[in-house]
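What follows draws every value from the coordinates through simple rules; no lab data is involved. Everything numeric here is computed off the predicted structure, so don't read it as measured data. Heads up, the Cβs are rebuilt from the backbone with ideal geometry, glycines too, and the neighbour counts pull from every protein chain shown.
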Amino acid sequence: MPKIKPTKIMLAVVCTLAVALTAWYFFKPKQEQPQFITAEVSRGDLENSVLATGVLEATKMVSVGAQVSGQVKKMNVKLGDQVKQGQLIAQIDSVRQENDLKTAEASIKNQQAQLEVKIANLAKVEAEYNRQKAMYAQDATSRAELESALASFKTAQAEIDAINAQIEQSRLTLATAKEDLGYTQIIAPMDGTIVAIVTEEGQTVNANQSAPTIVKLAKLDDMTIKAEISEADVMKVEKGQRVYFTTLGDSETKHYATLRQVEPAPSSINTDSTTSSTSSSSTAVYYNALFDVPNEDGKLRIDMTAQVYIILDDAKNALTIPAAAIQASNRPERKNKSSASTDGAASQAASNDPAKANRPKRLELSDAEKSLIQQGKASIGMVRVVQADGSAKPQPVLIGLNNRVTAQVLKGLKQGEKVVIADGSDTSNDSAKRSNNRNAGPMRM
C-alpha cells in the first residue's frame, strides 16, 4: 500500500475547511436590521384645549305677545323677515277697544255736563247764603234759615268736588281705553329677524289668562354659544380665555372668540331642589360657558350644534413629536436631583441594550428651563432617535406642551431627526401581553 505524504493530507484539510467556510459565509442566517415605526421631528402649531359641545343661540330674542284679546285680523310679516323697531307686525280686531274708548269719552262728556249744572247750583246757593247772612246781621231772618243756606252752599261745593273726581277717574279709563286700542297693533320692540310665527292670521288670542305670543323676534347679527363644560374640566376654564368652535355643517371653518362667562352653577339648579339632589349622584354635572361671535353673513343659526375648543395653552411653530414617542419611566431617582432624570434614564436605556456601548449625553438645562420644570410647564422625557446605521439611540429631551397626541420639544432634538414610536416587529399590544401573562398563571408539567 503506497504511503500518503503529510503535505497532501494538510492540503486536503485546508481545502475542506475553505469549502466549509465558504458555504457557511453564503448560507449563514443574515442578521436582521431592527425595524421601527418612526416619526420625523417637525415644526407645527399645537394646543392644549378643553373640548365641549355647545348650542348656538341668538344674542337677544324676544317673544312679542298680545296684551289684549281678540282675533288676529292681519299678519304683516313673514318668517325670516327683517324688521325695524316700531314696525307694525300684526293687527288684532279693535272693535271692542274702540267701543270702550268711545264709552269713556261719552262718560266724560256726561260728567262735564253734570259739572256745569253743579256749578250753576253752587252760584245759586252761594247767593242765597250771602243774602241770609246779610239779613241775619240785621235781625231780618232767623238763625235756622242762615244755617240751612250755609249747608246748601257746602253741599253744592262737595258735589262739584265729587264730579271733578269722577271726571278724573273717567279720564284714566279713557287713557286705558286708548292704550288697549294701541295694543291691538303689535309693534316690533327692536330691530331683528322674525324667527317664529306662533299665532297665525285669523286665530283668536286670549290675553286674560296669559300673554299669548304672536311672533318671536331675534337679533342674529351676533350669536351666543352656550357650551357645556364637565365638572372635571370646569376648574381649568376661566373668563377671558381664547375659544373657537366649528359646526357640523362646516367643520373646516373655525370661529374664534373670547370666553365671556362661566356660569357659577349647573343648569340643573333651575329644577326642583328635591329632584336635583336625588339625581345629582347618578348624573353628570355640566356648567355653561358663554361667548359671543359675529354673524354678519347669517350662516350661523339658532340651535346649531357647535364643537367647542377652549384653549388652555398653545405653541406656534414649535418643534413637535408624537406623544407616543416619549417613553415613560418608573425608575427611582438616582444621584443628585438635577441629573437623575437624565443620566439615570440614559444609563438604564444603555444597560438594556448591550450593543450600545456609549451612554446618551446628559441634557444640560439653563436656569430658565429648570424654572419651567419647577412650575410644571416642562418635563424631562426619553425618546429613541434613529441613527444613520438604522439603530435607535436613547436621548433625553425637554418636553413643553403635551396634549397627549403631540408634544412640544424644547431641547434635545433637531428638526428632521426621526424618533421611534414603536418597534415594527412587535405587532402585539403590550397591555394585552401583560394581561395574558397575569391570566396564564403558573405553568404545569
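Rg then Dmax, both in Å and based on the Cα atoms of the range 60-204: 27.5, 89.
With the contact rule set at Cα under 8 Å and sequence spacing of 6 or more, what percent relative contact order holds for the range 60-204?
Values: 172 pairs, mean separation 74.0, N = 145.
Once normalised by length, the contact order is 51 percent.
Listed from fewest to most Cβ neighbours within 10 Å, the set R384, R131 follows the order R131, R384.
Put in line by how crowded their Cβ is, counting other Cβ atoms within 10 Å and starting with the fewest, L101, L181 read L181, L101.
On average over all directions, what projected area in square nanometres does the range 41-145 have, based on the convex hull of its Cα atoms? Show your work: numbers first, answer last.
Numbers: hull surface 82.2 nm².
Dividing the Cα hull surface by four gives the mean projection, 20.5 nm².
Projecting the Cα positions of Q111, N130, V41 onto the charge dipole of the range 21-141 (unit charges on Cβ atoms of Lys, Arg, Asp and Glu, taken about the Cα centre) puts Q111 furthest along the positive direction.
Order these by the 10 Å Cβ neighbour count, fewest first: T283, T199.
Details: T283 10, T199 20.
In order of increasing Cβ crowding within 10 Å: T283, T199.
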